[in-house]
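Following: one structure in structure tokens, then a few remarks.
The values are calculated or read from the model by the stated rules, or taken from the named source; none is laboratory data. Please read all numbers here as calculations on a predicted model, not as lab measurements. Cβ placement follows ideal geometry from the backbone for every residue including glycine, while neighbour counts extend to all protein chains displayed.
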């Protein structure tokens, strides 16, 4: 079997000038205690698309997102947002981290969490006006959580918590949304809601990059995909890149794919 | 000083030195489990919680017409109130939403505050007799009686034998509590035994180093020991040695300088061992880590640089270029040297081999060893190598 | 509540209340960040700081001693962080190593230098002497309006009030970043909040509270105030703002009731010697915590 060369992704995307890409990563390497989590990652995201980052456990997907957003420091490599370094462009990018990183015992209500998304604009001492509260309620409405505005955050179910975090990201009013497993461990209704909101955002011009855990739904929900297993195995539009060969290469031959022979299914 | 170390300085000094050594060994061992169980500062709560018990025991003994200075009685009181403190700690962490750190601090400060109140009551009771109680804050080894030293020795032996007997369940509980439970051990009883041992060591150590510093004897040897080994029984052994040495040397030093209190000197000797371990332990020490880190970073940059060379891509990072130039792999203008070309081709070949291996399930075991740096020849047999090489379509060298 | 109250009890009570609130305020955030024991560490290291200042300046002067204590606290915090990262040791163990070593140094220095003529002994460092901070020159409530008498107020009072003001300002200004970085650190970093620096500043502000309080009430009560009122408040509510408010109420209550019980309680038992006010305040705060831990509406874990 023929295997595409490592870093082929770079060649495929060479046409897209880095200066207009909402999120471009070059040579990014992150390690924990002398073990690399991601190694020499190149990635160029197209504007106005939904890109999935997909790979097995331990592939470094969360690490990649965190390094992109400056949450952890890389050992080597660079990140540019719309052609500029991250520190100048934080207004344009909104992050939805994994639920595991949060302190659920913290005394805060749903509406307070959404307002956290506005803190960057409000600054340290800016007054919170009625208009801000209305904006927060609007964001909660979009994700179907407006009725829960005064609940303590620890009392919600997993799906409800995820929606609140999406509302917080919405409140940031950004151009690029970076989400870490937004659909992990949520109920079907929440999944539908979240995808609908993300697709609305994409249709109005925003760029979505999400680590996605469920291979079965990648082609339904996303436009582009990045296959990651410590390095980028392949990246590009779903139709070109999301092939069985590439998937086997990413998952190390451990994928079991179910094949249904259409003739044998009686309807 | 030599005389002190050789126990030639007289009866009392010898007693204190041996007693401190035994205490150090017992504390080092008991403290290891606390440390491995990530509950090091529980010992601080236990030691501060002894104070109300000591004061109360004194009051009770005096009101019964006694001396009020019986070590056994005072230590018994200390043990009871420390046990009460442990119960409160357990209750707070299991029945409320408080974290263990807050519970430790609450028990520590409230019990100690109560103890202070009682000490001031004692102060007003009968001035001459209470002078000994403050000695429990910082330790007072002057005038240590033979009976006291015997008490220390007995307690230390009891602790050591208990620990020896229970070391397997302790180890299980420290490493994987859930597994310990499902294996049939009662986590509650193991914790109970562990805390009981810490309590005995604390109470016994009150006399030598005082309640504020006994924490040091429990924690520091264990922390130092961790730097030297990755095995838990290794940690116990080294902690015992370091603790015993701290006690022995510290007490000897203090005998030579009688104006200085014993407790702080023992603690500082232990701290010196800690600093040495932190800096110079192989593998886990600071020096070793820093060297390994820079070595690793250099290897990563070289590897990425070589791969970039092999694929005809520019090298963006200045650090990479610098390292490659120093390694003789490129010329100052970025063009590859002969050895650079060879190394780049080798790196690319290695990378291709790894891609094949990682994509194929029959090489699953080797695939897990991929870390972006290790050369693949280290993990495959020659037969396997031939098979992998047969699958590479791309040319083997690009220059 | 006559003239005697003003000269003998008013100033200690106000100082006690300022100490309690000044420690409880940052203590709320320390509690939520599971850093409560930093108060333990700080209170153990102020001793060496003060002793070193005394040895260097040769006098028991407020300024250098405060500076020495603050420096010691900062050194301790940095050392703990260094040990934690370099050695990959858990926080509690790192704290235990550093603060015991520093405390040992403090005791050694203390015993070595001849401080017998000065009120610089370990007991004082531990539980202070709140009852002695009286306003002898006051002649009744009218003295509050008399500038000449006001100047003779014990120096600990304006010092503690200034520290309290500083702490309130800090919490007010950094309310939002503190909340976000405590709740969701990754998100906070992604919006540009310097979470590590903010954490360090929070600890430093706590150190200021501890150091300012130290001379009045010693170190033990500081730990109690960092932890007990905020912990009790956490049992009462699920809203951060309300938690802060409750902690202030509990802190003030403990200070006032504790002081009175220490001073007047023994008289109910036929004894005319008062007991340690600092110890009693710590005890009362513990009682409040125990009560809220048993009946507080939000005391149970939700997760």
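Restricting to region B:322-345, name every residue that is within 14 Å of another protein chain (Cβ to nearest Cβ) and in contact with a strand residue (DSSP E or B) (Cβ under 7 Å, 6 or more places away or on another chain).
Hits for region B:322-345 are B:324, B:344.
Name the residue, out of B:90, B:48, that is closer than 28 Å to residue C:297 by Cα and either in contact with a helix residue (DSSP H, G or I) (Cβ under 6 Å, 6 or more places away or on another chain) or in a helix (DSSP H, G or I) (or both).
B:90
Pull out all pairs, ordered by first then second residue, where Cβ-Cβ is under 7 Å, the residues are six or more apart or on different chains, the first lies in region A:68-86 and is away from chain C (no Cβ under 14 Å) and within 11 Å of residue A:30 (Cβ to Cβ), and the second is at pLDDT below 90 and surrounded by fewer than 18 Cβ atoms within 10 Å (Cβ to Cβ).
A:75/B:297; A:76/B:317
Specify the residue that is nearest to residue B:346 (Cα to Cα); the eligible residues are those in region B:304-325 that are outside any helix (DSSP H, G or I) and touching a residue at least 24 places away in the same chain (Cβ under 8 Å).
B:311
Kindly indicate which of A:191, A:134, A:175 is touching a helix residue (DSSP H, G or I) at 6+ places or on another chain (Cβ under 7 Å), at pLDDT 90 or above and surrounded by fewer than 21 Cβ atoms within 10 Å (Cβ to Cβ).
When all the criteria are applied, what remains is A:175.
Considering only region C:69-85, state which residues are surrounded by fewer than 23 Cβ atoms within 10 Å (Cβ to Cβ) and either away from chain B (no Cβ under 14 Å) or at pLDDT below 80 (or both).
C:70, C:71, C:74, C:75, C:77, C:78
Out of B:85, B:66, B:73, B:77, report the one residue that is free of Cβ contacts under 8 Å to residues at least 60 places away in the same chain, buried (at least 24 other Cβ atoms within 10 Å of the Cβ) and at negative phi.
Every option except B:85 fails the conditions.
Every residue, every condition in (1) surrounded by 14 or more Cβ atoms within 10 Å (Cβ to Cβ); (2) modelled with pLDDT of 85 or more, yes or no:
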{"residue": "B:273", "(1), (2)": "yes, yes"}
{"residue": "B:284", "(1), (2)": "yes, no"}
{"residue": "B:287", "(1), (2)": "no, yes"}
{"residue": "B:293", "(1), (2)": "yes, no"}
{"residue": "B:312", "(1), (2)": "no, no"}
{"residue": "B:315", "(1), (2)": "yes, no"}
{"residue": "B:343", "(1), (2)": "yes, yes"}
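Output the number of the condition that residue C:63 fails; it satisfies all remaining conditions of (1) surrounded by fewer than 18 Cβ atoms within 10 Å (Cβ to Cβ); (2) at pLDDT 85 or above; (3) in a helix (DSSP H, G or I).
(2)
Hey, residue C:266 hits all of (1) surrounded by 24 or more Cβ atoms within 10 Å (Cβ to Cβ); (2) at the interface with chain B (Cβ under 9 Å from one of its Cβ atoms) but one; which does it fall short on?
(1)
Does region C:138-152 contain any residue that is under 22 Å from residue C:221 (Cα atoms) and in contact with a helix residue (DSSP H, G or I) (Cβ under 9 Å, 6 or more places away or on another chain)?
No, there is no match, as no residue in region C:138-152 is under 22 Å from residue C:221 (Cα atoms) and in contact with a helix residue (DSSP H, G or I) (Cβ under 9 Å, 6 or more places away or on another chain).
In region C:252-259, is there at least one residue being surrounded by fewer than 24 Cβ atoms within 10 Å (Cβ to Cβ), assigned to a helix (DSSP H, G or I), touching a helix residue (DSSP H, G or I) at 6+ places or on another chain (Cβ under 7 Å) and within 12 Å of chain B (Cβ to nearest Cβ)?
Scanning region C:252-259, I find no residue that is surrounded by fewer than 24 Cβ atoms within 10 Å (Cβ to Cβ), assigned to a helix (DSSP H, G or I), touching a helix residue (DSSP H, G or I) at 6+ places or on another chain (Cβ under 7 Å) and within 12 Å of chain B (Cβ to nearest Cβ), so the answer is no.
Can you report the number of residues in region C:207-239 which are part of a helix (DSSP H, G or I), within 14 Å of chain B (Cβ to nearest Cβ) and closer than 14 Å to residue C:251 by Cβ?
Qualifying residue count, region C:207-239: 16.
Out of region A:137-155, which residues are within 14 Å of another protein chain (Cβ to nearest Cβ) and at pLDDT 90 or above?
Answer for region A:137-155, where residues must be within 14 Å of another protein chain (Cβ to nearest Cβ) and at pLDDT 90 or above: A:148, A:149.
Kindly indicate whether any position in region A:87-104 is at pLDDT below 90, buried (at least 20 other Cβ atoms within 10 Å of the Cβ) and within 12 Å of another protein chain (Cβ to nearest Cβ).
yes
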